[in-house]
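Rule-based calculations on the coordinates, nothing more; no lab input. These numbers were taken from a predicted model, which means no experiment stands behind them. Every residue, glycine as well, gets a Cβ built from its backbone with ideal geometry; the counts of neighbours run over all protein chains shown.
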Amino acid sequence: MFCASSLLKNTRLDKEWDLTDISKKIKVPIKYLEAIETETVACFPQEPYCSLIIKDYADYLGLNGEEVLALFRRDFDQKRKIKNKKSLLFSFTPRFTFMVSLILVVLFFLVYLTSEYVKFHQPPKLDIVWPLEATVSGSVIEISGVTDPESTVRINDDLILVDINGTFQKKISLNSGDNNIVVESTSPNGKQTILNKVIKSSL
């Protein structure tokens, strides 16, 4: 709170003087006197007019105009410094920007490590294209599918080549009757995904 403003207001009230009368006497718009007494900084007149008004107002009230003006400036400077300090807390200084950037980089790195850890410890994906019918008339069928490119695939224990996209295919010879086709995908960490289907051959 501005001590000088309180001093001016309290002195006027002690004398039971009205702002309207004072405004006419010292020829200052009443809105400026009200702004000074209520500390409404946004309504203060521009300098040097503001300082002249404060000094004339103080002198009119019987106070030492120079001392009140010095007190007012001191109070105003203190309040302005406090306001500036508060605004600096939320300003985007180079240090603040660097710290935010560093935190974001660390968070991104942690998210990346977490995703890689989860991916490494999960069994590989495995999608198989089976024959449309459970019973086939031929003695050979083609099995194809998609898995993780780093994984190894076996069909009925036979190692199958996997390309860079993770796709593979293999022709399987069938025996007469039921044939259990087992497809295994094994990731580098040993995790497995196994799918199987019984295909009947009517030779």
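Dipole check for the chain: with +1 at the C-beta of Lys and Arg, -1 at the C-beta of Asp and Glu, and the Cα centre as origin, the magnitude is about 620 Debye.
Would you calculate the separation in nanometres between label points at Val105 and Val182, each defined as 7 Å from the Cα along the Cα-to-beta-carbon direction? Going by the 7 Å Cα→Cβ label model, 5.1 nm. With Cα atoms as the point set, region 3-89 shows a radius of gyration and Dmax of 13.2, 45 Å. Relative contact order, whole percent, for region 84-203 stands at 25, derived from Cα pairs under 8 Å and 6 or more residues apart.
At a threshold of 8 angstrom on Cα-Cα distance, excluding pairs fewer than six apart, so keeping six or more, what relative contact order does the chain reach in percent?
15 percent
Spread over its residues, the convex hull of the C-alpha atoms of region 126-201 is 73 Å³ per residue. For the chain, the longest principal axis of the C-alpha atoms and the axis of helix 65-89 are separated by about 0°.
A dipole drawn for the chain from +1 and -1 charges on Cβ atoms has a positive end, and of Val100, Ile194, Val140 the residue lying farthest that way is Val100. Relative contact order of region 3-89: 31 percent, from C-alpha pairs under 8 Å at least 6 residues apart in sequence. Remark: the Ala134-Leu52 segment gains 19.4 nm on full extension, using 0.36 nm per residue and subtracting the alpha carbon distance.
Using the Cβ-Cβ distance between Lys24 and Glu67 with R0 = 25 Å, the FRET efficiency computed as 1/(1 + (r/R0)^6) comes to roughly 0.50. Taking region 32-72 and a reference point 7 angstrom along Cα→Cβ of Lys15, the backbone N atoms nearer than 13 Å belong to 55-65. Could you calculate the FRET efficiency of Asp163 with Thr97 from 1/(1 + (r/R0)^6), where r is the beta carbon distance between them and R0 is 45 Å, rounded to 0.05? With a Förster radius of 45 Å, E is 0.50. Each principal axis of the Cα cloud of the chain was taken in turn, and the coordinate range along them, longest first, works out to 122, 31, 25 Å.
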